[in-house]
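In what follows, a structure is listed as structure tokens, so that the remarks can point back to it.
The values are calculated or read from the model by the stated rules, or taken from the named source; none is laboratory data. Predicted model only: the values in this text are computed from it and were never measured. Positions of Cβ are generated from backbone atoms using ideal geometry, with glycine treated the same way; all protein chains shown enter the neighbour counts.
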């Protein structure tokens, strides 16, 4: 599993969304989480992931996701 994870992270076709990065930060720094990250640590992690392409969220992206979910019968 670790080898697969490293191989995936080494690929250059990984994309992230702004929403995923935001949700990571919110959950990682949540005050009710016993082992929460400090703001600076969470920000540093998010910034380290900016080496990947980041998809901005837009109305068009959302509409495309709706169409993809309907076409392929997958969750959005």
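Any idea how many residues of region 31-53 are at pLDDT 95 or above and surrounded by 11 or more Cβ atoms within 10 Å (Cβ to Cβ)?
Total satisfying the criteria: 9.
Name the single residue that is nearest to residue 10 (Cα to Cα) among those in region 22-51 being in contact with a helix residue (DSSP H, G or I) (Cβ under 9 Å, 6 or more places away or on another chain) and not in a helix (DSSP H, G or I).
In this case the residue turns out to be 50.
Considering only residues of region 57-74 that are at pLDDT 90 or above and in a loop (DSSP other than H, G, I, E, B), which is farthest from residue 11 (Cα to Cα)?
Filtering region 57-74 for residues that are at pLDDT 90 or above and in a loop (DSSP other than H, G, I, E, B), the one farthest from residue 11 (Cα to Cα) comes out as 73.
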